[in-house]
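Asks: Here's a structure for you.
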Amino acid sequence: MRLSRYFLPVLKENPSEAQIVSHRYMLRAGLIKQSSAGIYSWLPLGFKVLKKLEGIVHEEQQRAGHMPMLMPTIQSADLWRESGRYDDYGQEMLRMQDRHGRDMLFTPTAEELITDIFRAHVSSYKDLPLTMYQIQWKFRDEIRPRFGVMRGREFYMKDGYNFDLSKEDALHAYNRHLVSYLRTYERMGLQAIPMRADGGPIGGDYTHEFLVLAETGESEVFYDSAVTDLSFGDREIDYDDVAQCQGVLEEFTSKYARTDETHDEALFNAVPEERRKVARGIEVGQIFYFGAKYSEALNATVQGPDGKPTPVHMGSHGIGVSRLLGAIIEASHDDKGIIWPEGVTPFHCGIQPETG
Ligand code: P5A
């Protein structure tokens with residue numbers, strides 16, 4: 001493709017609606033175009049980077065042994081009534097009716113749907129462990145969509161779900177996700193720090209958010225600066241090795257690092273003063289262990305080794321794929337524009353000297 005034929009609608013002026021640098025550069029470089037509040041078209045250059053990020057996520061998920069699949073964006077409200085989240089989710093959920101008057105919704109996440117697939121097809125502990133994921137559009141009717149793709153209403157998310165027989169196995173799945181996320185973000189040129197967080201509408205009280213430090217981040221974070229010295233690097237990981245994955249989790253989560261939701265002043269004050277940092281961060285992912293919350297509500301049991309039906313232990317794990325574009329630009333730019341990390345750059349260029 002020649003540059004002269006490429007659709008690259010660059011803007012000379014700073015768009016007035018863009019308050020942060022990533023939003024400004026994404027509009028100016030012709031990566032995205034807003035279609036309505038918090039909803040964007042991905043123009044060829046932005047789409048190219050989005051697909052690169054998606055490719056890295058797929059590779060790292062499959063390296064960890066997780067199976068790709070795809071679920072619909074429009075779901076029936078019935079499953080959500082079964083889990084009790086139809087009312088809980090409130091106005092963030094975009095609700096609609098089909099021509100027969102059936103209540104439908106645009107998926108903000110997919111714990112219910114995957115649990116329904118599981119209960120229809122899996123009945124024995126011998127089919128566990130099982131982890132599947134998708135990369136699919138989500139919709140959350142955010143009260144204040146802002147900062148471009150950072151807080152969109154329609155956004156692209158990798159969402160993965162694990163099913164295990166015991167809490168111990170499910171915690172291994174949790175650790176495996178933590179390790180694979182560290183690798184994923186590093187390949188994108190980002191340092192994303194796992195921090196203890198709150199389960200929110202997804203649930204569970206064991207959860208970590210991954211945060212990229214940036215002044216424009218929406219979350220307030222408290223951490224021991226020693227966490228910023230850690231890097232995953234090119235270490236070899238055997239994702240079936242329980243002790244190895246647990247070791248990585250301990251290495252990356254033993255220092256104090258929490259969002260404001262779980263911040264504990266007394267614990268924070270135990271960190272040496274010169275290492276105590278209060279900053280802002282962009283949440284680029286979150287992993288959850290919530291045990292039997294959905295499997296009990298939706299009656300997703302397997303026959304255990306003792307022959308008795310047991311609700312499965314579950315977790316879910318998300319990466320904000322479209323938000324990552326904004327996070328990468330916030331973390332890597334200068335006053336002239338975006339400085340793409342090598343792993344995600346839309347184009348590579350070579351300089352050929354003229355000969356003869
Ligand atoms: C985990 C996967 C979940 O939804 N269910 C399935 C769980 N988690 S989450 O933390 O709520 O979302 C996962 C990631 O999606 C990104 N994200 C967003 N990106 C852009 N605009 C939004 N409005 C938005 N909301 C969530 C975040 O990166 C989040 O970590």
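The values are calculated or read from the model by the stated rules, or taken from the named source; none is laboratory data. Worth saying up front: this structure is predicted, and the values here are computed from it rather than measured. Here Cβ is always computed from backbone atoms with ideal geometry, including for glycine, and neighbour counts include all displayed protein chains. Surface areas here come from the heavy atoms of the whole protein model, side chains and all, with no ligands, DNA or RNA. Shrake-Rupley method; radii C 1.70, N 1.55, O 1.52, S 1.80 Å.
Asks: Give me the orientation-averaged projected area of the Cα convex hull of the chain, in nm², one decimal.
Replies: Details: hull surface 92.4 nm².
So the Cα hull casts an average projection of 23.1 nm².
Asks: What accessible area per residue comes out for the chain, rounded to a whole number of Å², with a 1.4 Å probe?
Replies: Result: 49 Å² per residue.
Asks: So what is the relative contact order of the chain, in percent, for Cα pairs below 8 Å that sit 6 or more residues apart?
Replies: 21 percent
Asks: Next question, about the same structure. What part of the accessible area of the stretch 262-356, given as a whole %, is carbon or sulfur when the probe is 1.4 angstrom?
Replies: Details: 2470 of 5000 Å².
That share works out to 49 percent.
Asks: Take each of the peptides 149-156, 189-196, 80-87, 319-326, average the number of other beta-carbon atoms within 10 Å over its residues, and list them starting from the highest.
Replies: Values: 149-156: 23.2, 189-196: 21.1, 80-87: 16.5, 319-326: 26.1.
For the peptides 149-156, 189-196, 80-87, 319-326, the packing ranking is 319-326, 149-156, 189-196, 80-87.
Asks: Give me the Kirkwood hydrodynamic radius of the stretch 82-217, using the inverse of the mean 1/r over all pairs of distinct Cα atoms, in Å to one decimal.
Replies: When all Cα pairs of the stretch 82-217 are included, the Kirkwood radius is 17.4 Å.
Asks: On the protein heavy atoms, probe 1.4 angstrom, tell me the percent of accessible surface of the stretch 5-70 carried by carbon and sulfur.
Replies: 55 percent
Asks: Only four residue types carry charge here, +1 at the Cβ of Lys and Arg and -1 at the Cβ of Asp and Glu. Report the dipole size of the chain about the Cα centre in Debye, rounded to the nearest 20. Provide the component values of the computation, followed by the final result.
Replies: On the way: 40 positive and 53 negative charges, 306 e Å.
So the dipole magnitude of the chain works out to roughly 1480 debye.
Asks: Is the shape of the stretch 291-356 rounded, prolate or oblate, going by the alpha carbon gyration tensor and its root eigenvalues a ≥ b ≥ c, with a/c under 1.5 for rounded and a/b larger than b/c for prolate?
Replies: On the way: a/c = 7.45, a/b = 3.09, b/c = 2.41.
Because a/c hits 1.5 or more and a/b exceeds b/c, the stretch 291-356 counts as prolate.
Asks: Identify, among H333, P346, M314, the residue whose Cα sits farthest towards the positive end of the charge dipole of the stretch 197-356, taking +1 on the Cβ of Lys and Arg and -1 on the Cβ of Asp and Glu, with the dipole about the Cα centre.
Replies: Of the options given, the answer is M314.
Asks: What dipole magnitude, in Debye to the nearest 20, does the stretch 203-356 give about its Cα centre under +1 on Lys/Arg Cβ and -1 on Asp/Glu Cβ?
Replies: Dipole magnitude for the stretch 203-356 comes out near 360 debye.
Asks: In this model, which of K33/K158; K48/K138; K51/K126; K33/K336 are farther than 30 Å apart at the alpha-carbon?
Replies: Values: K33/K158 22 Å; K48/K138 20 Å; K51/K126 36 Å; K33/K336 20 Å.
Over 30 Å Cα-Cα: K51/K126.
Asks: Here is a follow-up. Using Cα-only point scatterers and the Debye equation, what is log10 of I(q)/I(0) for the stretch 239-356 at each q in 0.10 Å⁻¹, rounded to two decimals?
Replies: -0.64
Asks: Follow-up question, since we're still on this one. When each pair of different Cα atoms in the stretch 25-154 is counted once in the 1/r mean, what is the Kirkwood radius in angstroms, to one decimal?
Replies: 17.0 Å
Asks: For the charge dipole of the stretch 186-289, defined by +1 on Lys and Arg C-beta atoms and -1 on Asp and Glu C-beta atoms about the Cα centroid, which residue among V284, Q191, G217 has the Cα displaced farthest towards the positive pole?
Replies: G217
Asks: Please report how far the C-alpha centroid of the stretch 81-158 lies from that of the stretch 322-356, rounded to the nearest whole angstrom.
Replies: A separation of 34 Å, based on Cα centres.
Asks: For the stretch 170-218, which whole percent of the accessible surface, found with a 1.4 angstrom probe, sits on carbon and sulfur atoms?
Replies: On the stretch 170-218, the fraction of accessible area on carbon and sulfur atoms equals 45 percent.
Asks: Determine the dipole magnitude for the stretch 1-133: charges of +1 sit on the beta-carbon of Lys and Arg, -1 on that of Asp and Glu, nothing else is charged, the reference point is the Cα centre, and the result goes in debye to the nearest 20. Could the numbers behind the result be given before it?
Replies: Working: 17 positive and 16 negative charges, 198 e Å.
So the magnitude is around 940 debye.
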